[in-house]
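Asker: Can you keep this structure in mind? I'll have questions shortly.
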There are 2 protein chains.
Amino acid sequence: MRGWCRDFQRSCRAAGIRVTAQRLAVYEALAADGAHPTADALYTRLARVMPGLSRTTVYRVLDSLERRGLIRRVSSTAGVARFDARPEAHQHLVCRVCGAIVDVSLPTFRRLGVPRGPLPRFVAEHVEVQVVGRCAACHGQDAGGDPGTGT
Amino acid sequence: MRGWCRDFQRSCRAAGIRVTAQRLAVYEALAADGAHPTADALYTRLARVMPGLSRTTVYRVLDSLERRGLIRRVSSTAGVARFDARPEAHQHLVCRVCGAIVDVSLPTFRRLGVPRGPLPRFVAEHVEVQVVGRCAACHGQDAGGDPGTGT
DNA sequence: CTAAGTGCAAAGCATTTGCAGGCTT
DNA sequence: AAGCCTGCAAATGCTTTGCACTTAG
């Protein structure tokens with residue numbers, strides 16, 4: 001219940017960025033949320049406990065952490081950015097209607113790493129696997145609506 | 001050089017949507033472009049040959065085709081929507097800096113289909129595999145800039 | 001004929017940027 | 001002390017919506 005904090009501070013120093021209350025807060029909130037929150041979701045949650053926090057800062061913090069590889073921006077079919085602090089390899093179920101993202105661990109993909117073959121002028125960093133479809137709430141529609149909350 | 005047209009018309013009828021000049025044009029332009037163009041890129045290209053075409057229409061056409069499954073919205077880490085008309089299974093190299101998407105065919109993933117295991121209240125439609133990293137133009141930066149054009 | 005599709009202009013959100021302080025190092 | 005970070009407000013950029021007209025079926 002305290003380890004992540006020291007680890008995170010170490011990571012920040014190693015990455016050459018300063019340890020600020022905002023970075024700590026955003027990282028903790030993200031790590032505690034398994035639903036791949038959006039920047040705005042994190043802001044809303046944090047603003048309650050950290051008045052004065054700016055939405056801009058949340059965006060900037062997420063951006064800087066992603067640049068140093070401390071968190072990931074998960075790719076999605078919806079237009080809003082979603083983030084992930086979980087380092088372990090896992091796959092995503094993404095609903096093409098409401099954009100919800102759920103973690104899964106599919107044995108078939110579990111041990112597939114970054115392909116070692118010659119990639120055309122490209123530096124591979126990691127592989128993302130997404131099962132695209134429709135979640136329970138969105139089953140029935142073809143797409144376009146927003147029946148689920150996506151959380 | 002004419003087959004796609006009749007096939008597309010048939011698909012539209014089967015999907016219950018009308019065959020219009022705009023739909024034909026957008027679909028043809030998308031199918032002819034291997035770079036996973038954005039809605040705006042398609043609009044710009046088409047506006048030259050089809051004056052009066054509206055950007056709104058391009059968005060709406062892409063949306064309706066995606067809803068019926070005639071094309072796909074490819075998931076990406078960047079904020080702009082990119083589309084794909086290629087039905088064959090393939091994987092994507094996505095640059096996390098400039099958002100460029102390149103097709104690849106990785107033997108390891110080639111024959112991996114939608115997992116048949118019990119997915120938690122989810123209707124799986126297809127699987128997407130992305131190798132995230134940095135393209136040649138963006139190598140050197142950590143992220144954030146826009147050195148490449150992404151096309 | 002009639003409902004789906006289109007164009008235009010304006011609105012809507014998510015995200016970014018400029019600038020003046022504030023706080024980590 | 002120096003410069004990275006933050007907050008605020010305004011700007012940007014992609015995408016959607018309202019409305020009246022057009023056109024495929």
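Asker: Can you name the residue in the range B:47-63 that is within 18 Å of the chain's Cα centre (by Cα) and farther than 30 Å from residue B:104 by Cβ and is also farthest from DNA strand D (Cβ to nearest atom) among such residues?
Answerer: B:57
Asker: Identify the single condition in (1) within 14 Å of another protein chain (Cβ to nearest Cβ); (2) more than 10 Å from DNA strand C (Cβ to nearest atom); (3) not acidic (Asp, Glu) that residue B:45 does not satisfy, given that it satisfies every other one.
Answerer: It fails just one condition, (1).
Asker: Also, I was wondering about something else. Could you tell me which numbered condition residue B:132 fails, if it satisfies all but one of (1) surrounded by fewer than 16 Cβ atoms within 10 Å (Cβ to Cβ); (2) modelled with pLDDT of 85 or more?
Answerer: Of the numbered conditions (1) surrounded by fewer than 16 Cβ atoms within 10 Å (Cβ to Cβ); (2) modelled with pLDDT of 85 or more, the odd one out for residue B:132 is (1).
Asker: Every residue in the range B:8-32 that is free of Cβ contacts under 8 Å to residues at least 12 places away in the same chain, more than 10 Å from DNA strand D (Cβ to nearest atom) and surrounded by 11 or more Cβ atoms within 10 Å (Cβ to Cβ), please.
Answerer: B:10, B:32 - these are the residues of the range B:8-32 that are free of Cβ contacts under 8 Å to residues at least 12 places away in the same chain, more than 10 Å from DNA strand D (Cβ to nearest atom) and surrounded by 11 or more Cβ atoms within 10 Å (Cβ to Cβ).
Asker: Let me ask something additional. Taking only the range A:59-81 into account, find how many residues are more than 10 Å from every other protein chain (Cβ to nearest Cβ), within 11 Å of DNA strand C (Cβ to nearest atom) and either in contact (Cβ under 8 Å) with a residue 60 or more places away in the chain or not aromatic (Phe, Trp, Tyr) (or both).
Answerer: The number of residues fulfilling the criteria is 3.
Asker: Condition first: outside any loop (DSSP other than H, G, I, E, B), touching a His at 6+ places or on another chain (Cβ under 9 Å) and not charged (D, E, K, R). Can you find one or more residues in the range B:52-69 that meet it?
Answerer: So far as the range B:52-69 goes, no, none of its residues is outside any loop (DSSP other than H, G, I, E, B), touching a His at 6+ places or on another chain (Cβ under 9 Å) and not charged (D, E, K, R).
Asker: A follow-up question, please. Quick check, is residue B:106 more than 13 Å from the chain's Cα centre (by Cα) and at the interface with chain A (Cβ under 8 Å from one of its Cβ atoms)?
Answerer: Spelling it out, residue B:106 is indeed more than 13 Å from the chain's Cα centre (by Cα) and at the interface with chain A (Cβ under 8 Å from one of its Cβ atoms).
Asker: Would you mention how many residues in the range A:16-46 are within 19 Å of the chain's Cα centre (by Cα) and part of a helix (DSSP H, G or I)?
Answerer: Number of matching residues: 19.
Asker: Another question, if that's okay. Picking from A:117, A:140, A:113, A:144, which residue would you name as being touching an Asp or Glu at 6+ places or on another chain (Cβ under 7 Å), surrounded by fewer than 16 Cβ atoms within 10 Å (Cβ to Cβ) and either over 18 Å from residue B:115 (Cβ atoms) or modelled with pLDDT under 80 (or both)?
Answerer: A:144
Asker: Would a scan of the range B:92-104 turn up a residue that is of a type in the set (Lys, Arg), over 21 Å from residue A:96 (Cα atoms) and outside the structural domain of residue B:138 (by TED's automatic domain parsing)?
Answerer: Scanning the range B:92-104 turns up no residue that is of a type in the set (Lys, Arg), over 21 Å from residue A:96 (Cα atoms) and outside the structural domain of residue B:138 (by TED's automatic domain parsing).
Asker: Go through the range A:65-108 and give me each residue that's surrounded by fewer than 20 Cβ atoms within 10 Å (Cβ to Cβ) and either small (Gly, Ala, Ser) or at pLDDT below 85 (or both).
Answerer: Scanning the range A:65-108 gives A:69, A:79, A:87, A:88, A:89, A:105, A:106, A:107, A:108.
Asker: Inspect all residues belonging to the range B:88-98 and state whether any of them is touching a residue at least 12 places away in the same chain (Cβ under 8 Å), in contact with a helix residue (DSSP H, G or I) (Cβ under 9 Å, 6 or more places away or on another chain) and not in a loop (DSSP other than H, G, I, E, B).
Answerer: Looking through the range B:88-98, at least one residue is touching a residue at least 12 places away in the same chain (Cβ under 8 Å), in contact with a helix residue (DSSP H, G or I) (Cβ under 9 Å, 6 or more places away or on another chain) and not in a loop (DSSP other than H, G, I, E, B).
The values are calculated or read from the model by the stated rules, or taken from the named source; none is laboratory data. These numbers come from a predicted model, not from an experiment. Don't worry about glycine lacking a Cβ; one is built from the backbone with ideal geometry, like all the others, and counts go over all protein chains shown.
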